[in-house]
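Comments concern the structure below.
The values are calculated or read from the model by the stated rules, or taken from the named source; none is laboratory data. Everything numeric in this text was worked out from a predicted model, so none of it was measured. Using ideal geometry, Cβ is built from the backbone for each residue, glycine included, and neighbour counts are taken over all protein chains shown.
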Amino acid sequence: MVAKSRNALSEEIILISRGIAIYKVGASPYWQCRVRDARTKKYVVRSTKETSRIKARLAAEEIAAEIRGSVKRVERQFTFEAYGKRMIQKADRMVANGERHSNYARDIRYCLENEAWGLYRLLGQKDVREIRTREYQEAMDKIQSDRPDLSTSTRNILTATFRNVLKVARDDGVIDAVPATPRAKQKDAPRSYFPFHPLVAKHEDVYKSVIEKTKELGEKQHKVRGIPITDELYDLVLFLTHSFVRPTVSEVYALRHSDITVATDPRRLLITVRAGKTGYRVANSMPGAVSVYERILRRYPDAKPSDHLFYPHYGNRETAARNVQKLFRTVLDEAGIKDDPSAGIKYTIYSLRHTAICMRLVLSHGEVNIYNLAKNAGTSVEQIERFYARQLPLSREMAINLQKFGGQS
């Protein structure tokens, strides 16, 4: 028979409060105290020097106060984690109401709950009433130290999430203001658009090459892994360029006939984007999109209002988007259009949206209202200025527009 260890428990462990417990072992007549030190994230064990369980409980609380020093126990409802959970609930409601894209709630949840560098890990048990800029900066420095590979964009999303959580506490009246949170400086990556005339010479017009090659392969029914390129891809390319809609599952691939209205004076489509990247919007198209829609109606004469606009035979819209990407990549390869890694440019079907915005800035000869363009495209004036306008060369027409006074023709 194996002898019982002197260090084995002789009394059951008694939990006094979170992180504080007492127990007895055979080697000592005294109750032992085990305390979780939040600063070192380790347990500290000391003898209470008491044989009475009641006195040992009191002694344990005194020992815990000594070990933890000035670290106070935070009421759960005031922890950063508690308000983080409320922020997630708020984000879910905004998504359900169509106020935000589903990515909004997903990003907040990821920034809070990520096990390696999430905000809960560093700030979860802190009292929101006592969080200052210093605590925020220490948390961000720790994340940067542990994960130097995180992009500036991700760190800025972390900052936005931190602020959103504390805004919930502010709206509750628990804090007066959100602490200052300096953002990481972000280097803007250039947006890839297809160069077009008059930005480049006619023989260097890449956008025209894309259009012509798409039409040519569609007429030949060129196949990519068994999937033919048809005139439907040609119409999708033109639609994206003339509508400013994003080539994503939540925007162009989500469009149904019930979302389209043909309007006149001027001739255009009114396109209802119900759950786009920036939420609900109604976009005005260029005239070219009307001709595309008329061809779609001829292609699918029995289409119902609930049918999708493009590739309606794909019930899974993710599948439709993936297949179109493959087909469009083949168009670029067949046209000899190469990416430019040195300039950070990778052409995708998304480049058509960037091309559409650049075309409005250039072909309007500087007269387009950037506010209206931003609203129509579901973006912001700041985004257009940062990613599009500043990348384009100045022109004579833009200079004339700059010097115009009201009423001049």
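If you go through the stretch 297-330 and pick out every residue that is closer than 19 Å to Asp259 by Cβ, hydroxyl-bearing (Ser, Thr, Tyr) and touching a residue at least 12 places away in the same chain (Cβ under 8 Å), you end up with 3. Listed by first and then second residue, the pairs with beta-carbon distance under 7 Å, at least 6 apart or on different chains, first residue in the stretch 21-38 and more than 14 Å from Ala60 (Cβ to Cβ), second small (Gly, Ala, Ser), are Val25/Ala8; Val25/Ser10; Gly26/Ala8; Gly26/Ser10; Ser28/Ser47.
Does Leu158 meet the test of being of a type outside the set (D, E, K, R), modelled with pLDDT under 90 and surrounded by 15 or more Cβ atoms within 10 Å (Cβ to Cβ)? Against the criterion (of a type outside the set (D, E, K, R), modelled with pLDDT under 90 and surrounded by 15 or more Cβ atoms within 10 Å (Cβ to Cβ)), Leu158 does not qualify. Just to be sure before I move on: is Ala91 surrounded by fewer than 18 Cβ atoms within 10 Å (Cβ to Cβ) and within 42 Å of the chain's Cα centre (by Cα) in the structure I sent? Criteria not met by Ala91.
When the stretch 228-262 is filtered for residues that are among the hydrophobic types (A, V, I, L, M, F, W, C) and in contact with a His (Cβ under 6 Å, 6 or more places away or on another chain), only Ile229 remains. Among residues of the stretch 43-69 that are within 15 Å of Glu11 (Cα to Cα), those with a beta-carbon under 7 Å from a residue that is outside any strand (DSSP E or B) and hydroxyl-bearing (Ser, Thr, Tyr) at least six positions away or on a different chain give the pairs Ser47/Ser28; Ser47/Tyr30; Thr48/Tyr30; Glu50/Tyr30; Thr51/Tyr30; Ala56/Thr48. Scanning the stretch 319-341 for residues that are loosely packed, with under 12 Cβ neighbours inside 10 Å and within 25 Å of the chain's Cα centre (by Cα) yields a single hit, Pro341.
Does Asn316 qualify as being modelled with pLDDT of 85 or more, over 22 Å from Ser209 (Cα atoms), surrounded by fewer than 17 Cβ atoms within 10 Å (Cβ to Cβ) and assigned by TED's automatic domain parsing to the domain that holds Ser258?
yes
Based on this model, can you work out whether Arg106 counts as modelled with pLDDT of 85 or more and exposed (fewer than 14 other Cβ atoms within 10 Å of the Cβ)? Yes; evaluated as a whole, the condition is true for this residue. Filter the stretch 83-102 for residues that are under 26 Å from Gln125 (Cα atoms) and either of a type in the set (Ser, Thr, Tyr) or in contact (Cβ under 8 Å) with a residue 12 or more places away in the chain (or both) and give the result. Result: Tyr83, Gly84, Arg86, Met87, Ile88, Lys90, Ala91, Asp92.
Table: residues versus (1) over 30 Å from Gln144 (Cβ atoms); (2) assigned by TED's automatic domain parsing to the domain that holds Glu81; (3) basic (Lys, Arg).
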residue	(1), (2), (3)
Arg191	no, no, yes
Glu212	yes, no, no
Gly226	yes, no, no
Asp235	yes, no, no
Arg256	yes, no, yes
Val282	yes, no, no
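If the condition is being part of a loop (DSSP other than H, G, I, E, B) and within 21 Å of Glu318 (Cβ to Cβ), then the stretch 243-299 contributes Val245, Arg246, Pro247, Thr248, Val249, Ser250, Glu251, Leu255, Lys277, Thr278. Can we say Ile271 is β-branched (Val, Ile, Thr), crowded, with 20+ Cβ neighbours inside 10 Å and free of Cβ contacts under 8 Å to residues at least 40 places away in the same chain? Yes: the conditions hold for Ile271.
All conditions but one from (1) crowded, with 16+ Cβ neighbours inside 10 Å; (2) among the small types (Gly, Ala, Ser); (3) closer than 16 Å to Phe196 by Cα apply to Ser364; the one that does not is (1). The set of residues from the stretch 39-58 being closer than 23 Å to Arg121 by Cβ, exposed (fewer than 15 other Cβ atoms within 10 Å of the Cβ) and of a type outside the set (D, E, K, R) comprises Thr40, Tyr43.
Restricting attention to the stretch 191-221, the residues that are loosely packed, with under 14 Cβ neighbours inside 10 Å, touching a strand residue (DSSP E or B) at 6+ places or on another chain (Cβ under 8 Å) and at pLDDT below 90 add up to 0.
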